[in-house]
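Please treat every number below as a calculation from the coordinates, not as lab data. Source: prediction; values computed, not measured. Neighbour counts are summed over all protein chains in view; Cβ atoms, including those assigned to glycine, are modelled from backbone coordinates with ideal geometry.
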Number of protein chains: 2
Amino acid sequence: MDAAQEAQNREAFRHAVVNTLERRLFYIPSFKIYRGVAGLYDYGPPGCAVKSNVLAFWRQHFVLEENMLEVDCPCVTPEVVLKASGHVDKFTDLMVKDEKTGTCYRADHLLKDYCNDKLEKDPNLSAEKAAELRHVLAVLDDLSAEELGAKIKGYGITAPDTKNSLSDPYPFNLMFQTSIGPSGLSPGYMRPETAQGIFVNFKDLYYYNGNKLPFAAAQIGQAFRNEISPRQGLLRVREFTLAEIEHFVDPDDKSHPKFSEVATLEFLMFPREDQVSGRAARRIPIGEAVSEGIVNNETLGYFIGRVYLFLTQLGIDKDRLRFRQHLANEMAHYAADCWDAEIECSYGWIECVGIADRSAYDLRAHTDKSGVPLVAHEKFPEPREVEKLVITPVKKELGLAFKGSQKMVIEALEAMGEKEAMELKATLEAKGEAEFHVCTLDKVVTIKNNMVSISKEKKKEHQRVFTPSVIEPSFGIGRIIYCLYEHSFYTRASRDGDEQLNVFGFPPLVAPIKCTVFPLVQNQQYEEVAKSIARSLTAVGITYKIDITGTSIGKRYARTDELGVPLAITVDSTSSVTIRERDSKQQIRVNVDEVASVVKEFTDGVSTWGDVLWRYPTHSS
Amino acid sequence: MDAAQEAQNREAFRHAVVNTLERRLFYIPSFKIYRGVAGLYDYGPPGCAVKSNVLAFWRQHFVLEENMLEVDCPCVTPEVVLKASGHVDKFTDLMVKDEKTGTCYRADHLLKDYCNDKLEKDPNLSAEKAAELRHVLAVLDDLSAEELGAKIKGYGITAPDTKNSLSDPYPFNLMFQTSIGPSGLSPGYMRPETAQGIFVNFKDLYYYNGNKLPFAAAQIGQAFRNEISPRQGLLRVREFTLAEIEHFVDPDDKSHPKFSEVATLEFLMFPREDQVSGRAARRIPIGEAVSEGIVNNETLGYFIGRVYLFLTQLGIDKDRLRFRQHLANEMAHYAADCWDAEIECSYGWIECVGIADRSAYDLRAHTDKSGVPLVAHEKFPEPREVEKLVITPVKKELGLAFKGSQKMVIEALEAMGEKEAMELKATLEAKGEAEFHVCTLDKVVTIKNNMVSISKEKKKEHQRVFTPSVIEPSFGIGRIIYCLYEHSFYTRASRDGDEQLNVFGFPPLVAPIKCTVFPLVQNQQYEEVAKSIARSLTAVGITYKIDITGTSIGKRYARTDELGVPLAITVDSTSSVTIRERDSKQQIRVNVDEVASVVKEFTDGVSTWGDVLWRYPTHSS
């Protein structure tokens, strides 16, 4: 099969999945009656149930299993927090505008489309030109605004809809901005991630945990990203649910006590070196990946293993799941290591979970901005003698010189690192004064010799004070669910063979509804039995759907298979009923008063269908 | 006890509760290290767990029990939707500004504070003046901007902080505004309620339900309200979780098949007439309230009963819970009836759930704005003959006359009611033309005789088409949780009697952590047992907390009581342990391998403590 054929098959498959999803209300374009808003989707009833199930399993698998501290913070966030985190300055995409109509486009998308289009469709393309375009695609994410602009101009790229010329690229901040309170003076944003709510609470959470490391905090909640032009349906949206974990750990000891429980797991990994040298992803036991230094540390490796278990237990195909390490140019300068769980779907390999060792970056950023030390303490069994930098600002002199700005100057002096402080000391001793940059004032001031004393003193220390590192697994719940839909979807011929029927083969854990109840024919007796079964299902917390339409059983099975319901109960007598399993289509006879417990043990995962099949007589229709 | 003493006691009680809640991280002022933002709070670990439990129970009690269609819509909402719902124009509070500093205040708050202050503290107040102030307080919510302004001027009320004079009151819209996409041309808001997401999806949801009424849709999610000056701690916040139900029903038949299940429930009700005539709330069986017409209909009555069960099963004290009917002036003009579940706490009676019959208002509003008919159909067994209004716009003539506006004119003509249409017909016949207001164009156009034909025709109808009524129970989850905290809190003397200890007496259903595990002394054997118990608890989905500090058992009990943990497991041997119940402080001996199942049956509500106590030997410490 050639590439074009493969692409066409992928499109057709996606079309079938998306069509079923929309028709059965797994999702709905939001505000559809008003022609919708790009990048906003509702979860309809079955989609909402799948999402609840995924989140409940996430809580069980991560929060409960690891005794994490779950918190719940607001979406509305004041500017100062996102200034500290870097989002106000750096959370941007490069945008170009149609110079006549003002329509906005993502600059990199236009360039990417141009290159792909040329490569696919231009028969006269020279080998040299093709190589150039492929190079552009490879370095696309690294291009500066100027470089992007030059390429767009150079290739003569115009606005796709109008062919008008385009503006130079400029950064557009992707946060939804708003204003907190009535004054208009307190800018705020809808959070672009949930993590910051945890970081700013570090001090309280550390205390809650008995001032002990390591510990993890977790949060599930909405996050927002005002995309320039959303594409790829459910994969790139403007509002989405994130589930994030911030695991705080001593930077000097990133071992994990439960690492041995995952060490032998083996799955597709795609280390940086393999990507650079053009090799394919390969199966590596995670224990080996850590011991050979491919993965930076045990805690990071432990979470990679746990994420693998989480995704495959949900129903993600392990052969279409890989862990890809970030290349040096993708990773933030502060990150120690970063791996993405990527799932292959009809759109290609999609990043669904990021697992990063962000070192001390976030806690330091908020410590600096807020002045509240977000640090941990390790008590020594015996006091230790250490050489310590001591910076003593002379408040009286600083007050005279800087008046209202005194506090900022003092804070900046006290915040100096050892190198900077010793240089300042040397300059002050040599020249009697020195230039000094105060970042909170954003200016350079002159410090005189009598304004600060700097020295190194031997001290007895009873504890070590340090900023913890944070390991952050961050889950895009909507993306995971979309990939799950694709991995669960299949079609099979109807009984008479003249129709292809759709099935979502969800594991019971994920299935939006656990069983359907069908009275075989429309009569009062059977409907009474159906209702009493329904009551017993509700009592044990099982979701069900009754279908009392007179439609044929075959049609009703087809409908329920399309919703991914694992079991269908047909009421065909008043004492016992038929239970049919979705994927095997096998049927068993079960007494009415045992139905709820059979359904529950199967959908709770206590028994497999095989276990159940063995205990009850089979039924042939 | 006089009123002042009572007020003081209430304050002291609230102080004790809030102090415990903050110290144990049930909640945290958001962004505390940056000095916080008024009206934004985080749920810390125990608060977040309580919230999860309340929401899980809500899902079981409402969504699962009634087979509701749960959906999940975005918070970001385009302007058109909230224009249709009326929020853009009417979701406002009246605000005044300090004329010098620009500080904003809610106008009614200032007037209310002034009146209360005078009434409480001015010994020279004449009886006449006191009566006037009391009258102002009674009608406060009905005052227009002009009336409020006149009172503020008349009483000489100034800005509380500066004593500067105040501006005239003007409306401030309480929605957080933002902009969708990069163009700046698509205004949007953070939703002030979750209901609109359901209304705009009515057509799809009705189809999903097999085109049958009644059915209910439900949604849990964040809502936002940019309060002018938040007060009352956790009760009036800028972002909160709502759980809303929209039950769609035929306006001609608001009976409910399960009403008999709640009819005999008897609880405090406060009908409109009793409020107006100064009587107190009284216990009325809900069946009687419906049959006597105090409550408008069975479906409304059914939900009032279900809300009563929900709140009391959560742990709300039934003697501090009442259902208060809205007075005529509180109710929207379209509402058929409306009751608030009010819970009494230290702030007074607080509205926590609103249960309203909103008639067809919302679906009609979105039908009008979107042009998509949000209606239901009832097929007649036999076709019926009816006289029908037929409006036939003549597209050719209208096109010539109105060009681009043709579509809006046609829609407006077709949307005419019978009365309006017959008047237009009469005018056209008399004068050959008529003035006609097109609301979507916001102007009056001239319609000529040849542009539209209007007639009444006899027709056979096969079905009735109508806009369903909606009954809306809407739950403020944060308010319910805060009231629950107050109702669950008590203090008791420590064993040696020299200290008052705090206890949250949460039902197991609500408790943030179901049990704690304490090794009696710090030794490896006991810690191993504690860990194996912990593993067995995780396996059955029970949340726990291990406390291996060397602190005395009494202190550890006190800590865990303060978190509202129902059971404490003390490991004092390797074969059996002591389980202590929080409120009775009774203790039993249980074998290590039975611990998880005992804890589970008690916290799942399968057994009471009495049941468990009877089966195991008691332990006296």
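Give me Rg/Rg_expected for segment A:198-328, where Rg uses Cα atoms only and Rg_expected = 2.2 N^0.38 Å with N residues.
On the way: Rg = 17.3 Å, N = 131, 2.2 N^0.38 = 14.0 Å.
Cα-based Rg divided by the globular estimate yields 1.24.
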Quiz item: Can you give me the pair-distance distribution of segment B:184-261, C-alpha pairs, 5 Å bins, whole percents?
Solution: 3, 12, 17, 16, 15, 13, 10, 9, 4, 1, 0
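Report the convex hull volume per residue for segment A:143-202, counting only C-alpha atoms, in Å³. Spell out each step's value before the answer.
Working: hull volume 10.3 nm³, N = 60.
With only Cα atoms used, segment A:143-202 gives 172 Å³ per residue.
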Practice problem: At a temperature of 37 °C and a viscosity of 0.692 mPa s, determine how fast segment B:98-157 diffuses translationally according to Stokes-Einstein, using the Kirkwood radius over alpha-carbon pairs as Rh; express D in µm²/s, rounded to the nearest whole number. | Solution: 268
Practice problem: Quickly work out the B:N591-to-B:K460 label distance, labels modelled 7 Å from Cα along the C-beta direction, and quote it in nm with one decimal. | Solution: 7.8
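Considering just Cα atoms, how many Å³ per residue does the convex hull of the protein assembly as shown enclose? Please report the intermediate quantities before stating the final value.
Numbers: hull volume 322.3 nm³, N = 1242.
That works out to 259 Å³ per residue.
Given R₀ = 30 Å, FRET efficiency for A:N164-A:D141 by Cβ-Cβ distance, to 0.05?
Values: r = 26 Å, r/R0 = 0.88.
Step by step, r from the Cβ atoms, then E = 0.70.
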Quiz item: Do the sum for the protein assembly as shown: with -39,500 (n - 2.57) for every DSSP H run of n ≥ 4, divided by all residues, what is the mean residue ellipticity at 222 nm, to the nearest 500 deg cm²/dmol?
Solution: -10500 deg cm²/dmol
Quiz item: How big is D for segment B:497-554, in µm² s⁻¹ as a whole number, if Stokes-Einstein is applied with the Kirkwood radius of its Cα pairs at 20 °C and 1.002 mPa s?
Solution: 163
Quiz item: So for the pair A:A130, A:Y490, with labels modelled 7 Å out along Cα→Cβ, what separation do we get in nm?
Solution: 3.8
Self-check item: Order of B:K395, B:K545 - criterion: other Cβ atoms within 10 Å of each residue's Cβ, fewest first
Solution: B:K395, B:K545
Quiz item: In the neighborhood of A:F602, defined by Cβ-to-Cβ distances under 9 Å, what is the net charge if each Lys or Arg adds +1 and each Asp or Glu adds -1?
Solution: -2
Quiz item: Could you give P(r) for segment B:435-545, binned at 5 Å from zero, as whole percent values over all Cα-Cα pairs?
Solution: 2, 7, 8, 8, 9, 9, 9, 5, 4, 3, 4, 4, 5, 6, 5, 5, 4, 3, 2, 0
Quiz item: Which angle between 0 and 90 degrees, to the nearest 10, do you get for helix B:107-121 versus the longest principal axis of chain B when only C-alpha atoms count?
Solution: 50
Quiz item: If you place +1 on the Cβ of every Lys and Arg, -1 on the Cβ of every Asp and Glu, and leave all else neutral, what size is the dipole of segment B:324-414 about its Cα centre, to the nearest 20 Debye?
Solution: 800
Quiz item: For B:E382, which inter-copy label distances result when the label point lies 7 Å beyond Cα on the Cα-to-Cβ vector, reported in nm to one decimal and in ascending order?
Solution: 10.5
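Report, in cubic angstrom per residue, the convex hull volume of the C-alpha atoms of segment B:270-378. Walk me through the numbers on the way to the answer.
Numbers: hull volume 16.1 nm³, N = 109.
Convex hull of Cα atoms, per residue: 148 Å³.
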Quiz item: Using a label point 7 angstrom from Cα along Cα-to-C-beta, what distances in nm, from shortest up, separate B:H437 from the other copies?
Solution: 6.5
Quiz item: For segment B:411-471, what log10 I(q)/I(0) values come out of the Debye formula at q = 0.14, 0.21, 0.29 1/Å, with one point per alpha carbon and no solvent?
Solution: -0.53, -0.91, -1.32
Quiz prompt | Rg [Å, one decimal], Dmax [Å, integer] - segment A:50-118, C-alpha atoms | solution = 20.6, 57
Practice problem: Read phi for every residue in segment A:549-563 and hand back ³J(HN,Hα) as whole Hz from Karplus 6.51 cos²θ - 1.76 cosθ + 1.60, θ = phi - 60°, with x for Gly and Pro. | Solution: 5, x, 4, 4, 4, x, 5, 5, 4, 4, 4, 7, 4, 5, 8
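Would you mind ranking A:S165, B:S575 so that the residue whose beta carbon has the fewest other beta carbons within 10 Å leads the list? Mind showing how you got there, number by number?
Numbers: A:S165 15, B:S575 9.
Ordered from fewest to most neighbouring Cβ atoms within 10 Å, A:S165, B:S575 come out as B:S575, A:S165.
So if the hydrodynamic radius of chain B is defined as the Kirkwood radius over C-alpha pairs, what does Stokes-Einstein give as its diffusion coefficient at 37 °C and 0.692 mPa s, in µm² per second? Show your work: numbers first, answer last.
Numbers: Rh = 28.8 Å.
This corresponds to a translational diffusion coefficient of 114 µm²/s.
Given a cut-off of 15 Å, what percent of all Cα-Cα pairs of segment A:527-605 lie beyond it?
On the way: 1662 of 3081 pairs.
Everything past 15 Å amounts to 54 percent.
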Self-check item: Net charge of Cβ neighbours under 12 Å - reference B:H487; Lys, Arg +1; Asp, Glu -1
Solution: -2
Quiz item: Taking segment A:545-589, how much of its Cα-Cα pair set, in percent, is spaced more than 15 angstrom apart?
Solution: 40
Exercise. Pop the C-beta distance of B:R615 and B:E581 into the FRET formula with R0 = 22 Å and round what comes out to the nearest 0.05.
Key: 0.95
Quiz item: Axis carrying A onto B: which residue of A has the nearest Cβ, and how far, whole Å?
Solution: A:T178, 2
Quiz prompt | Relative contact order %, chain B, counting alpha carbon pairs below 8 Å whose residues are six or more apart | solution = 12
Exercise. State, to one decimal in nm², a quarter of the convex hull surface area for the C-alpha atoms of segment B:364-506, i.e. the direction-averaged projected area.
Key: 16.5
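In Å, the Kirkwood hydrodynamic radius of segment B:73-196 over pairs of distinct alpha carbons? Don't skip to the end; give the middle numbers.
Working: mean 1/r = 0.0596 Å⁻¹.
Radius from the Kirkwood sum: 16.8 Å.
With r defined as the distance between the Cβ atoms of A:K388 and A:V276 and R0 fixed at 45 Å, what FRET efficiency is calculated, to the nearest 0.05?
My answer for the efficiency is 0.55.
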Self-check item: Separation of the A:H437 and A:D252 label points, Cα + 7 Å toward Cβ, nm
Solution: 3.1
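Compute the normalised compactness of segment A:1-158: alpha-carbon radius of gyration over 2.2 N^0.38 Å, N being the residue count.
Details: Rg = 22.1 Å, N = 158, 2.2 N^0.38 = 15.1 Å.
With N residues counted in segment A:1-158, Rg over 2.2 N^0.38 Å equals 1.47.
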